[in-house]
Amino acid sequence: MTSAGTIFKRCGCRDPYGRRLEKACPRLRERNHGTWYFHCSARNVLGRFERIRRGGYPSQTAARQARQEWLSTTEADRTAQGWTVERWLRHWLDTRTKIRPTTRFHYTRDVEKILIPYLGRYRLTDLDTRLLRTLFAQIATTINSKGRPQSASAMQHLRTTLRAALSLAVREGLLDCNPARHIEISGYQQPHAKVWTDARVERWEQDGERPPVAVWTAKHLATFLGAVTDDSLYAFWWLTALRGLRRGEMCGLRWADIDLDRGVLTVERNRTTAGYQIVEGDPKTPAGRRAVALDKRTVQVLRAHRRWQLDQRAQAAEDGKPWTDTGYVFARADGLPINPNYATTRFRKLVQRTGLPPVRLHDLRHGAASLAHEAGADLKTLQDLLGHSSIVTTADTYTSVLPEVQRRCADATAHLVLAAARRTRKKIKNKARKNRPNPRPKTGAPTPTAPAAAAKTQVSRPSRSTQPAQAPTPTSHPRDTHRPHQADNRKGPNRDPAARTPFDLARPKGLEPLTF
């Protein structure tokens, strides 16, 4: 239940030993000595009783009024006024019970190392957009653990963490709006994979500049796979580059999840790291639990890797070395599964040894999506292959357009325009031919005979007028009497310019017509 508490007076005087006198000061009875305080308890937003003490009031009446105002506020308001940002961030982390261990690791790192040192002393009611912008500007000038300035990507992740924590405060009614929503990180752009074209490779060789997310072409990938055929993790690189599995999915893959006879691989586990701790569990998303089809060449590579692993186990038995049959596809010399960080380090060294433009291990996943798209796979097929819950992620992030795809798209677009132009030209020609009058008789041509003229007169429709119809002259066509403004469509330099086609008007003088 709510407790009204007490109201008391205290001061900051000290005794000869330096200890505060507080309520024991003999001068407290003086009118202008010391200040008034109150303490009471009430429930917070979590339903727990919380004791509070406030002071600095000039009179007992002011302290009593402040106490009544505090007790009359809602539980959410009392919590926002009494809780610091540090306390709320720790409470937020404790309530996040359904997030993945890696996500919790990154959230905890942001909260403990940056957010609490810079924001922990403020109360929730003190937070606003202007304050957060000022503090984020200070954080951006600091140095990270590697001795480098804070990157735009790290600042964006920090903003995401704070925004998620304050969103819970908004849902609980502690804040009216989320002030972290209006923080802008300068220089941050959503990373998109860029292909290692010849121009980018040449620039990288000159000044060492490389894109944050890069993708090999099919030629680069073939060169790398040809240079690492003797590596113990050759099947790891092959399967990642062609089927686009995540690093954790590869490290958690077991032989029981692969059907080599049917050529199907099932993703069931995810083995990754949270700092120095290895965590194994379900795939990253529900859509990550999927079946992946394997081509004949990939099946051959996995069969060869299986034979090599069995030879390793037999050799260990002969040498008397321990071997643990864990069932993992990619294991160490003692049969235990490899560390995911080892795969990342091993891949980086192999890339440096081959002399190819640098890419990350995760970039092989980008490249697998791009190569499959180049081979003709649609976005829905790529979504199922990569295990994305949304096709938007597949379209925006994992499908870099390779130069060959761009070239085919350009050719197809040009072919479409030329085909439309060909049909338009043919339509214009047919229309001009249909509206063209009969040619006039040449000079010296015989005039129509009397019987023929009489026959034409009998066939023609009689006029409604009472006046007799006047026969047309031999030099004019009957239709010309009904089309007095008919354009002259005859060929030659003296034809009517309005009768020319758009292709003729757009063609400079002295050039032949455009043919398709």
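Could you list, in sequence order, the residues of region 243-263 that are in a helix (DSSP H, G or I) and closer than 23 Å to VAL215 by Cα? Before the answer, list the steps.
Taking region 243-263 as the starting set, the residues that turn out to be in a helix (DSSP H, G or I) are 243, 247-251, 255-257.
Across region 243-263, the qualifying residues are ARG243, ARG247, GLY248, GLU249, MET250, CYS251.
Being under 23 Å from the mean Cα position of the chain (by Cα), assigned by TED's automatic domain parsing to the domain that holds THR354 and among the aliphatic types (A, V, I, L, M) narrows it down to one of VAL201, VAL264, VAL215, so name that one. Write out each step before concluding.
Values: VAL201 fails: under 23 Å from the mean Cα position of the chain (by Cα); VAL264 fails: under 23 Å from the mean Cα position of the chain (by Cα).
Step by step, each of VAL201, VAL264, VAL215 is checked, and only VAL215 is under 23 Å from the mean Cα position of the chain (by Cα), assigned by TED's automatic domain parsing to the domain that holds THR354 and among the aliphatic types (A, V, I, L, M).
In the set ARG31, ARG10, which member is surrounded by 14 or more Cβ atoms within 10 Å (Cβ to Cβ), farther than 28 Å from PRO179 by Cα and basic (Lys, Arg)? Working first, answer last.
On the way: ARG31 fails: surrounded by 14 or more Cβ atoms within 10 Å (Cβ to Cβ).
Answer to the check: ARG10.
Which of the residues spanning region 124-143 are surrounded by fewer than 16 Cβ atoms within 10 Å (Cβ to Cβ) and either more than 16 Å from ALA180 (Cβ to Cβ) or of a type in the set (Phe, Trp, Tyr) (or both)? Please lay out each step first, then the result.
We begin by selecting, within region 124-143, every residue surrounded by fewer than 16 Cβ atoms within 10 Å (Cβ to Cβ); these are 125-126, 128-131, 133-134, 137-138, 141-143.
Hits for region 124-143 are THR141, THR142, ILE143.
Scan region 371-391 for residues that are surrounded by 20 or more Cβ atoms within 10 Å (Cβ to Cβ) and either touching a Leu at 6+ places or on another chain (Cβ under 8 Å) or outside any helix (DSSP H, G or I) (or both) and jot them down. Let's see the steps before the verdict.
Step one: list which residues in region 371-391 are surrounded by 20 or more Cβ atoms within 10 Å (Cβ to Cβ), which gives 371-373, 382-383, 385-388.
Passing the criteria: LEU371, ALA372, HIS373, GLY387, HIS388.
What single numbered condition from (1) surrounded by 16 or more Cβ atoms within 10 Å (Cβ to Cβ); (2) closer than 30 Å to THR95 by Cα fails to hold for TRP36?
Only one criterion is unmet by TRP36, namely (2).
Among the candidates ARG346, ARG306, ARG365, single out the residue that is under 23 Å from VAL213 (Cα atoms) and either modelled with pLDDT of 95 or more or hydroxyl-bearing (Ser, Thr, Tyr) (or both).
On the way: ARG306 fails: under 23 Å from VAL213 (Cα atoms); ARG365 fails: either modelled with pLDDT of 95 or more or hydroxyl-bearing (Ser, Thr, Tyr) (or both).
Checking each option against the conditions leaves just ARG346.
Would you confirm, using the coordinates I've provided, whether THR160 is hydroxyl-bearing (Ser, Thr, Tyr) and in contact with a Pro (Cβ under 7 Å, 6 or more places away or on another chain)?
Details: hydroxyl-bearing (Ser, Thr, Tyr): yes; in contact with a Pro (Cβ under 7 Å, 6 or more places away or on another chain): no.
No; evaluated as a whole, the condition is false for this residue.
Tell me the residue from THR102, THR74 that is among the polar types (S, T, N, Q) and out of contact with any Ser or Thr (no Cβ under 7 Å at 6 or more places or on another chain), please.
Sole residue among the options that is among the polar types (S, T, N, Q) and out of contact with any Ser or Thr (no Cβ under 7 Å at 6 or more places or on another chain): THR74.
Tally time: how many residues in region 39-74 are among the hydroxyl-bearing types (Ser, Thr, Tyr), loosely packed, with under 11 Cβ neighbours inside 10 Å and in contact with a strand residue (DSSP E or B) (Cβ under 8 Å, 6 or more places away or on another chain)?
0
Run down ALA42, ALA80, ALA63 and say which single residue is in contact with a Ser or Thr (Cβ under 6 Å, 6 or more places away or on another chain) and in a helix (DSSP H, G or I). Full working, then the answer.
Details: ALA42 fails: in a helix (DSSP H, G or I); ALA63 fails: in contact with a Ser or Thr (Cβ under 6 Å, 6 or more places away or on another chain).
The match here is ALA80.
Here is a yes/no grid of residues against (1) assigned to a loop (DSSP other than H, G, I, E, B); (2) out of contact with any helix residue (DSSP H, G or I) (no Cβ under 8 Å at 6 or more places or on another chain); (3) assigned by TED's automatic domain parsing to the domain that holds ARG109; (4) modelled with pLDDT under 90:
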{"residue": "GLY147", "(1), (2), (3), (4)": "yes, yes, yes, yes"}
{"residue": "SER153", "(1), (2), (3), (4)": "no, yes, yes, yes"}
{"residue": "HIS157", "(1), (2), (3), (4)": "no, no, yes, no"}
{"residue": "THR160", "(1), (2), (3), (4)": "no, yes, yes, no"}
{"residue": "ARG163", "(1), (2), (3), (4)": "no, no, yes, no"}
{"residue": "LEU166", "(1), (2), (3), (4)": "no, no, yes, no"}
{"residue": "GLY173", "(1), (2), (3), (4)": "yes, no, yes, yes"}
{"residue": "TYR188", "(1), (2), (3), (4)": "yes, no, no, yes"}
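Okay, residues lined up against (1) assigned to a helix (DSSP H, G or I); (2) not acidic (Asp, Glu):
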position	(1), (2)
TRP204	yes, yes
THR223	yes, yes
TRP238	yes, yes
ALA241	yes, yes
LEU265	no, yes
GLU268	no, no
VAL279	no, yes
ALA287	yes, yes
VAL292	no, yes
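What residue, of THR447, THR457, THR397, THR381, is among the β-branched types (Val, Ile, Thr) and modelled with pLDDT of 80 or more? Quick ask: steps written out before the conclusion?
Values: THR447 fails: modelled with pLDDT of 80 or more; THR457 fails: modelled with pLDDT of 80 or more; THR397 fails: modelled with pLDDT of 80 or more.
One residue alone meets the criteria, THR381.
Quickly run through region 148-187 and pick out the residues that are touching a residue at least 60 places away in the same chain (Cβ under 8 Å) and charged (D, E, K, R).
Scanning region 148-187 gives a single hit, GLU172.
Between ALA193, ALA235, ALA227, which is surrounded by fewer than 19 Cβ atoms within 10 Å (Cβ to Cβ), touching a helix residue (DSSP H, G or I) at 6+ places or on another chain (Cβ under 6 Å), among the aliphatic types (A, V, I, L, M) and farther than 30 Å from THR84 by Cβ? Give the steps one after another, and end with the answer.
Details: ALA193 fails: surrounded by fewer than 19 Cβ atoms within 10 Å (Cβ to Cβ); ALA235 fails: surrounded by fewer than 19 Cβ atoms within 10 Å (Cβ to Cβ).
Going through ALA193, ALA235, ALA227 in turn, just one is surrounded by fewer than 19 Cβ atoms within 10 Å (Cβ to Cβ), touching a helix residue (DSSP H, G or I) at 6+ places or on another chain (Cβ under 6 Å), among the aliphatic types (A, V, I, L, M) and farther than 30 Å from THR84 by Cβ: ALA227.
The values are calculated or read from the model by the stated rules, or taken from the named source; none is laboratory data. No experiment lies behind these values; they were computed from the predicted model shown. Using ideal geometry, Cβ is built from the backbone for each residue, glycine included, and neighbour counts are taken over all protein chains shown.
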